[in-house]
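Colleague: Structure incoming, see below.
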Amino acid sequence: MQLASDHDFLNINDLSEPEINDLIELGEQFKHAQKTVHLSRPVYAANLFFENSTRTHSSFQMAEKKLGIELIGIDPATSSVKKGESLGDTIKTLQAIGIDIAVIRHAQTGWYQQLTKDPNISLSLVNAGDGSGQHPSQTLLDLMTIHDEFGSFAGLHIGIIGDLAHSRVARSDAELLHRMGVNVSFSGPREWYPADFDQFGTYYPDVDQMLPNLDVVMLLRVQLERLTENAVASFTPSDYYHTYGLSEERASLMKPNAIIMHPAPVNRGVEIASSLVEAPQSRIFTQMHNGVFARMAILATILDQRGLLED
Ligand code: CP
């Protein structure tokens with residue numbers, strides 16, 4: 001298959017529906033040990049996480065190891081970025097020493113936009129999260145998790161609840177789910193609802209009105225690190241939980257076969273009752289497990305496009 005942005009993986013919404021379905025299928029094949037790949041030469045990757053990460057960083061590492069990719073360890077905190085080197089010059093340095101794939105998480109929304117126009121950059125760039133922009137590998141693992149459960153997307157009703165304005169997961173997922181024929185609804189504080197989300201679904205001020213109709217209850221982390229100081233000062237976890245959090249009482253409004261998702265890390269007792277994180281209807285740890293195979297699918301597709309897989 002082809003990835004829309006040449007041999008990069010940057011914005012999930014650049015991909016067509018068949019391309020998304022191919023990636024899900026490939027992820028499933030890796031998950032069920034129905035697919036193995038062999039590299040045609042040694043391949044080197046560097047994972048640069050300029051923002052904190054547990055899941056995305058470790059599951060990209062696991063995916064790379066499972067595919068036989070050699071990892072070159074670089075810690076942004078001790079790299080020459082700290083001496084003022086630009087991201088572009090850092091990428092060109094990695095390319096010069098022989099890195100094939102750079103997986104990057106960066107606080108700057110759209111960090112890759114200038115880099116993809118630079119004719120001197122030819123290594124593959126993978127977006128592991130850009131500011132409030134996109135989190136395309138999270139979206140793919142979310143879709144895998146939903147597909148595992150329901151077998152298809154069209155006609156499902158999915159509610160995304162929380163800090164929609166600052167969540168790159170919300171933006172990636174909402175646009176793609178809408179495109180895949182899902183009935184998307186939103187809830188959360190009005191001031192965290194971006195007006196342009198109206199094109200993807202319907203906003204419900206009252207989460208309790210939305211919950212009984214949902215097949216998937218997708219909760220978002222409250223991103224205190226992206227709020228203004230004033231917003232943080234006025235934020236009360238108990239008020240949020242009371243108004244929007246998935247308490248056991250609220251969960252009782254859900255359909256019997258509805259599932260709970262959250263990209264994590266979870267603020268237990270804020271977005272969701274702690275007792276529900278490991279509840280039977282929760283797929284939060286399944287999402288993390290699927291993340292390894294979704295990322296294997298992304299990387300294997302890039303390797304294929306670069307001619308780095310044996311036939
Ligand atoms: N879901 C997610 O991106 O988690 P991390 O920030 O731990 O990678």
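The values are calculated or read from the model by the stated rules, or taken from the named source; none is laboratory data. Computed from a predicted structure; not experimentally measured. As a convention, Cβ positions derive from the backbone with ideal geometry for all residues, glycine included, and neighbour counts pool all protein chains shown. These accessible areas exclude ligands, DNA and RNA; they are computed on the full protein's heavy atoms, side chains included. Shrake-Rupley method; radii C 1.70, N 1.55, O 1.52, S 1.80 Å.
Colleague: Does the range 1-97 come out rounded, prolate or oblate, given a ≥ b ≥ c as the square roots of the eigenvalues of its C-alpha gyration tensor, rounded meaning a/c under 1.5 and, failing that, prolate meaning a/b above b/c? Each step should come with its number before you reach the end.
Modeller: Numbers: a/c = 1.94, a/b = 1.61, b/c = 1.20.
The shape class here is prolate.
Colleague: Just check the chain against the gyration tensor rule for me: Cα atoms, a ≥ b ≥ c as the square roots of the eigenvalues, rounded for a/c under 1.5, and otherwise prolate or oblate depending on whether a/b exceeds b/c. Intermediate results must be reported in sequence, preceding the final value.
Modeller: Numbers: a/c = 2.00, a/b = 1.47, b/c = 1.36.
Prolate, since a/c reaches 1.5 and a/b exceeds b/c.
Colleague: To continue, here is another question. For the range 249-311, what class follows from the C-alpha gyration tensor (a ≥ b ≥ c being the square roots of its eigenvalues): rounded when a/c is under 1.5, otherwise prolate if a/b is larger than b/c, else oblate?
Modeller: On the way: a/c = 4.61, a/b = 2.92, b/c = 1.58.
Taking the square roots of the gyration eigenvalues as a ≥ b ≥ c, the range 249-311 is prolate.
Colleague: Under the rule of -39500 (n - 2.57) per DSSP H run of 4 or more residues, summed and divided by the residues of the chain, what mean residue ellipticity at 222 nm is obtained, to the nearest 500 deg cm²/dmol?
Modeller: Values: 11 runs with 112 residues, N = 311.
My calculation for the chain gives -10500 deg cm²/dmol from helical runs alone.
Colleague: Looking only at the range 250-287, which residues have a backbone nitrogen under 15 Å from a spot 7 Å from the Cα of residue 13 in the C-beta direction?
Modeller: Hits in the range 250-287 for residue 13 at 15 Å: none.
Colleague: Let me ask something else about it. At 1.4 Å probe radius, can you tell me the per residue accessible area of the range 259-311 in Å²?
Modeller: Values: 1870 Å² over 53 residues.
Per-residue value: 35 Å².
Colleague: Any idea what the dipole of the range 208-272 comes to, in debye rounded to 20, about its Cα centre with Lys/Arg Cβ at +1 and Asp/Glu Cβ at -1?
Modeller: Values: 5 positive and 8 negative charges, 31 e Å.
Approximately 140 debye in magnitude.
Colleague: Given a 1.4 Å probe and the protein chains all in place, what does the accessible area of residue 36 round to, in Å² to the nearest 10?
Modeller: 110 Å²
Colleague: Also, quick follow-up: For residue 108, which sequence-distant residues (separation of 5 or more, or a different chain) have an amide H within less than 5 Å of its own amide H, given hydrogens modelled in the peptide plane?
Modeller: Those lying under 5 Å, H to H, from residue 108 are 131.
Colleague: In the structure displayed, which of 35/117; 83/117; 35/92; 66/117 lie more than 28 Å apart, Cα to Cα? List each step's numbers first, then the result.
Modeller: Working: 35/117 34 Å; 83/117 25 Å; 35/92 33 Å; 66/117 31 Å.
Pairs exceeding 28 Å: 35/117; 35/92; 66/117.
Colleague: What's the extension gain from residue 53 to residue 120 if we count 0.36 nm per residue and subtract their Cα-Cα distance?
Modeller: Working: separation 67, 0.36 × 67 = 24.12 nm, distance 2.90 nm.
Extra length from residue 53 to residue 120 when fully extended: 21.2 nm.
Colleague: While we're here: Give, as ranges by residue number, the residues of the range 107-128 whose backbone N falls under 14 Å from the point 7 Å along Cα→Cβ of residue 72.
Modeller: Only 122-125 pass the distance filter.
Colleague: Counting only protein heavy atoms, what percent of the accessible surface of the chain is carbon or sulfur at a 1.4 Å probe? Intermediate values should be presented prior to the final figure.
Modeller: Working: 6280 of 13230 Å².
Of all accessible area on the chain, carbon and sulfur atoms account for 47 percent.
Colleague: Under 13 Å from the Cβ of residue 203, count the other residues' Cβ atoms, weight Lys and Arg +1, Asp and Glu -1, and hand me the total.
Modeller: Values: positive: 190; negative: 191, 196, 198, 206.
Result for the neighbourhood of residue 203: -3.
Colleague: Sticking with this one: Could you order 57, 178, 157 so the one with the most accessible surface comes first? Probe is 1.4 Å. Write out the running numbers ahead of the final one.
Modeller: On the way: 57 55, 178 85, 157 25 Å².
Ranked from most to least accessible, the order is 178, 57, 157.
Colleague: Here's something else I'd like to know. Multiply the residue separation of residue 113 and residue 25 by 0.36 nm, subtract the distance between their alpha-carbon atoms, and state the gained length in nm to one decimal.
Modeller: In short, 28.8 nm is gained.
Colleague: Where in the chain lies the longest segment free of GluC sites (Glu not before Pro) that are both loop residues by DSSP (not H, G, I, E, B) and have at most 13 other Cβ atoms within 10 Å?
Modeller: Values: sites that count: 85, 278, 310.
Maximal segment without exposed cleavage sites: 86-277.
Colleague: Let me ask you something else. Length gain on complete extension for the stretch residue 209 to residue 278, per 0.36 nm per residue less the alpha carbon to alpha carbon distance? All intermediate terms of the calculation are to be shown ahead of the outcome.
Modeller: On the way: separation 69, 0.36 × 69 = 24.84 nm, distance 2.46 nm.
Computed gain between residue 209 and residue 278 is 22.4 nm.
Colleague: Where in the chain are the helices, taken as whole DSSP H runs, whose Cα atoms extend 18 angstrom or more along the long axis and whose Kyte-Doolittle mean reaches at least -0.5? The partial results should precede the final answer.
Modeller: Working: long enough: 17-31 (21 Å, -0.73); 136-150 (21 Å, -0.03); 284-305 (32 Å, 0.75).
Helices meeting the criterion: 136-150, 284-305.
Colleague: Enumerate the amide H contacts of residue 48 below 5 Å, restricted to partners 5 or more residues apart or on another chain; note that Pro and chain-start residues carry no placed amide H.
Modeller: 103, 104, 105
Colleague: Continuing with this model, one more query. Work out the length of the dipole vector of the chain about its Cα centre, built from +1 on the beta-carbon of each Lys and Arg and -1 on the beta-carbon of each Asp and Glu, and round it to the nearest 20 debye. Intermediate values should be presented prior to the final figure.
Modeller: Working: 23 positive and 39 negative charges, 121 e Å.
So the magnitude is around 580 debye.
Colleague: Compute the label zone of residue 196 within the range 131-162: residues whose backbone N is under 18 Å from the point 7 Å along Cα-to-Cβ.
Modeller: Residues 131-136 fall inside that zone.
Colleague: Compute the FRET efficiency between residue 239 and residue 285 as 1/(1 + (r/R0)^6), taking r as their Cβ-Cβ distance and R0 = 25 Å, and round to the nearest 0.05.
Modeller: Values: r = 28 Å, r/R0 = 1.12.
Using R0 = 25 Å, I get an efficiency of 0.35.
Colleague: Could you check which residue among 138, 61, 29 shows the biggest mean-square fluctuation in a GNM of the chain with a 10 Å Cα cutoff?
Modeller: Checking each option, the largest mean-square fluctuation is seen for 29.
Colleague: Where Lys and Arg each count +1 and Asp and Glu each count -1, what net charge lies around residue 111 among other residues with Cβ under 11 Å from its Cβ? Can you show the working numbers first?
Modeller: On the way: positive: 105; negative: 51, 130.
Net charge around residue 111: -1.
Colleague: Okay, next question. Under a GNM of the chain (C-alpha, springs under 10 Å), which listed residue has the highest mean-square fluctuation: 81, 184, 277?
Modeller: 81
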